[in-house]
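S.K.: Next up is a structure, given as structure tokens.
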2 protein chains.
Amino acid sequence: MTESKRPSRDLREACLAEALAVIASDGVEKLSLREVARRLGVSHQAPYKHFPSRDHILAGVVARAFADFAAYLDRCLAGGDPAIELEAMGQAYLDYASAHPLEYRLMFGTPLPEPEAHPEMMRQARHAFALLCEGLRRKAEAEGLALSDEEVNRDAMFIWSGLHGFAAISTSTILGSLGFEPHHMQAARAHLFCAIGKALKP
Amino acid sequence: MTESKRPSRDLREACLAEALAVIASDGVEKLSLREVARRLGVSHQAPYKHFPSRDHILAGVVARAFADFAAYLDRCLAGGDPAIELEAMGQAYLDYASAHPLEYRLMFGTPLPEPEAHPEMMRQARHAFALLCEGLRRKAEAEGLALSDEEVNRDAMFIWSGLHGFAAISTSTILGSLGFEPHHMQAARAHLFCAIGKALKP
DNA sequence: AAGGCAAGGTAGACATTGTCAACTCCCTCG
DNA sequence: CGAGGGAGTTGACAATGTCTACCTTGCCTT
């Protein structure tokens, strides 16, 4: 009986995991602390000992997703040809969105309450954007170009727009009723990367 | 006293308008039929005579936003050079998003309730996408190209991704903590259109 | 080692919400 | 003129977020 003695950290973890499970099965709007507590077999007030409010447990789930996402992108910076690295990072961006549509939509498609109240989340977002800028700068250097910060930012914003737009559309429910099927999206994705590459050529 | 006699259609309209007002002031998650009814000074059940459920009133608001949006884009198809028309439509897309960030986020940034349960909402969405495809097709024709539906769809998806991504990022709160200022976004927007144009050249 | 003490967990209460059912009012159509 | 039905009202019920008051238990202080 070494368990259920000091479950403090355990319950917090379990709440986060179970909250994600609830969102996955019933949607984010059906997330309720009582449902989480019920599934975990604890009282309806137990989660309140770890999260001040429903918004805070949701923010906790989102923060975890951001951390995962950043780690996912980080794995692409293994060193090597900057152009290939950059492309790999773009692919990883969409891979993550398609492998974890739930988390992606939570991060970028859900109105989060008080973004400035969760600085860790924003820090991760800044980190991801900085990775993209860094990749662009390295690629430009490798090609002998000297880009100003402004130019890097503009290119980064263009790429980010394309990737985020595609990811958001892909993980949205609109696609189904627009008549798009998986193999269409596969082709569209390849076309997107091709188009972005073409636009980046001087 | 010619009013409040047959307010049937009026109440439906008033509900939609007031629902949008509620969303604007308190956020979409605080939209409740009872709050709408309270603001309109009617009983908490009155809206149910026009909308079967809370999701249906939300879908009604979104459908109206899609219709407005499509009308906004439609104004660009006044005839003339298809290439200029298409560019104007892209500008109108971002203009709408920046002029009506609330509605834009409702349409594309909110988990919509059961799309197949609200065919009118999806019909409006399909219409907006069809406008983009139509613009692309006309431009290709004017240039003497014969594009297959697949190619049109892929180009449309690329453009839509770029526009939507930019619009979503622009209307999000991330920008602030990323250090972007309005004139940066102005330049980034011009750069985006330039890049998209470059990518569309064969 | 005894006694508190604070963190973690439980139970009950209250306001608010979505939604169902039964009721009233009044216009319209036969 | 009277029946019918659409529009609106009232009442009720379950579920939820959140507050307050209680219990439990391992640890720390003296």
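The values are calculated or read from the model by the stated rules, or taken from the named source; none is laboratory data. The shown structure was predicted, so the numbers you read here are calculated from the model rather than taken from an experiment. Don't worry about glycine lacking a Cβ; one is built from the backbone with ideal geometry, like all the others, and counts go over all protein chains shown. Only protein heavy atoms, including side chains, enter the accessible area calculation; ligands, DNA and RNA are left aside. Shrake-Rupley method; radii C 1.70, N 1.55, O 1.52, S 1.80 Å.
S.K.: Within region A:79-91, is there a residue that is open to solvent by less than 80 Å² (accessible area, probe 1.4 Å) and within 11 Å of DNA strand D (Cβ to nearest atom)?
M.R.: No; the residues of region A:79-91 include none that is open to solvent by less than 80 Å² (accessible area, probe 1.4 Å) and within 11 Å of DNA strand D (Cβ to nearest atom).
S.K.: Name every residue in region B:141-199 that is of a type in the set (Ser, Thr, Tyr), without any contact (Cβ under 8 Å) to a residue 24 or more places away in the chain and in contact with a helix residue (DSSP H, G or I) (Cβ under 7 Å, 6 or more places away or on another chain), in order of residue number.
M.R.: Selection gives B:161, B:173, B:177.
S.K.: Given the criteria touching a Gly at 6+ places or on another chain (Cβ under 9 Å), open to solvent by 40 Å² or more (accessible area, probe 1.4 Å) and either under 30 Å from residue B:56 (Cα atoms) or part of a helix (DSSP H, G or I) (or both), does residue B:154 qualify?
M.R.: Judged against the criteria, residue B:154 is not a match.
S.K.: Residue by residue through region A:168-179, note down the ones that are at pLDDT 85 or above and facing chain B (nearest Cβ under 8 Å).
M.R.: A:168, A:169 - these are the residues of region A:168-179 that are at pLDDT 85 or above and facing chain B (nearest Cβ under 8 Å).
S.K.: Also, quick follow-up: From the list A:53, A:43, A:98, pick out the single residue that is open to solvent by 60 Å² or more (accessible area, probe 1.4 Å) and within 16 Å of DNA strand D (Cβ to nearest atom).
M.R.: Result of the check over A:53, A:43, A:98: A:43.
S.K.: Inspect all residues belonging to region B:129-148 and state whether any of them is at the interface with another protein chain (Cβ under 10 Å from one of its Cβ atoms), open to solvent by less than 40 Å² (accessible area, probe 1.4 Å) and assigned to a helix (DSSP H, G or I).
M.R.: Yes; the residues of region B:129-148 include at least one that is at the interface with another protein chain (Cβ under 10 Å from one of its Cβ atoms), open to solvent by less than 40 Å² (accessible area, probe 1.4 Å) and assigned to a helix (DSSP H, G or I).
S.K.: A further question follows. Taking into account only those residues within region B:29-55 that are within 20 Å of the chain's Cα centre (by Cα) and within 9 Å of DNA strand C (Cβ to nearest atom), which is nearest to the other protein chains (Cβ to nearest Cβ)?
M.R.: B:55
S.K.: Could I ask something else about it? Give A:58, A:20 a once-over and let me know the one that is away from DNA strand C (no atom under 14 Å from the Cβ), within 14 Å of chain B (Cβ to nearest Cβ) and not in a loop (DSSP other than H, G, I, E, B).
M.R.: Going through A:58, A:20 in turn, just one is away from DNA strand C (no atom under 14 Å from the Cβ), within 14 Å of chain B (Cβ to nearest Cβ) and not in a loop (DSSP other than H, G, I, E, B): A:58.
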